Amino acid sequence: MGTVIMHSVMSVDGFIADDEDQVGTLHDWYFDGDVPIGGGGDQEYDHSGTGSGIRVSTSSAEYVRSTWAEIGAIVMGRTLFDLVNGWEGRPPAGDHVVVVSHRPKPEGWHPEASYHFAGDVTAAIEKARELAGDRTVAVNAGDVGGQILAAGLVDEVAMDVVPVVFGTGKRFFGAVDRQYLLEDPHVVIQGERVLHLRYKVRR
């Protein structure tokens, strides 16, 4: 069974987007480097939105490439799915996506894409693990990620910390309202305008 990793890019004060779901400068490092990074599946979809593709710095490239290669399935919330229209059926990494939502997949939406909808986080992780096999299940941080952490289903927390302060916005851990202990980080990589960190969740 693969590892379940909760992940996102965040500001130094712990936000993954502002109050309007805009990421501002948080993702600039994905597109400002010299090393192109290919994700999984069909990459005709331009995740940069600029036509430049994903290009990170040399210091981040090996970490990002190896992390994405391990991903078998992504778990995301319905808000993000709607914001990006499910990346038009072409996730940046992995072969499968599970969306946590009480609403079904939009009728006729990219029937060729391996996107599955689950009514709660437990069912979503169960389905994602089934789809991913021995590969990683990547959980998008935020409200859904916080619910999965609270349910005891997250093995590791990975964050790409960008040197910007948002002040308010959407929190990395969503509405988590109690303490969780993490181990000391087993990954610490200084990139350009980003710090990559990974922590195992203490059981």
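In the chain, the sites counted are GluC sites (Glu not before Pro) in DSSP loop states with at most 14 other Cβ atoms within 10 Å, and the longest stretch holding none of them, exclusive of the sites, is 113-182. Counted by Cβ distance under 9 Å from Arg193, the other residues give a net charge of -3, where Lys and Arg count +1 and Asp and Glu count -1.
FRET efficiency for the Ala151 to Val187 pair, using the beta carbon distance and R₀ = 35 Å, is estimated at 0.90. Within the set (i) 1, 7, 14, 18, 17, 16, 13, 8, 5, 1, 0; (ii) 1, 6, 10, 11, 11, 9, 8, 8, 7, 7, 6, 5, 4, 3, 2, 1, 1, 0, 0; (iii) 1, 8, 15, 21, 23, 19, 10, 3, 0, 0, the number that P(r) over Cα pairs in 5 Å bins from 0, in percent takes when calculated for this structure is listed as (iii).
Note on Glu126 and Glu112: the extension gain reaches 2.9 nm, defined as 0.36 nm multiplied by sequence separation minus the Cα-Cα distance. Between Ser66, Ser114, Ser57, the residue with the greatest mean-square fluctuation in the GNM of the chain (Cα pairs under 10 Å linked by springs) is Ser66.
Per atom type, the chain shows carbon and sulfur on 49% of its accessible surface, probed at 1.4 Å.
Helix hunt in the chain: which complete DSSP H runs extend at least 20 Å axially by C-alpha with mean Kyte-Doolittle at least -1.0? Both cut-offs are met by no helix.
The values are calculated or read from the model by the stated rules, or taken from the named source; none is laboratory data. For clarity, every value in this text was computed on a predicted model and none was experimentally measured. No Cβ is skipped: glycine too gets one built from the backbone with ideal geometry, and neighbour counts run over all protein chains shown. All accessible areas refer to the heavy atoms of the entire protein, side chains included, with ligands and DNA or RNA removed. Shrake-Rupley method; radii C 1.70, N 1.55, O 1.52, S 1.80 Å.
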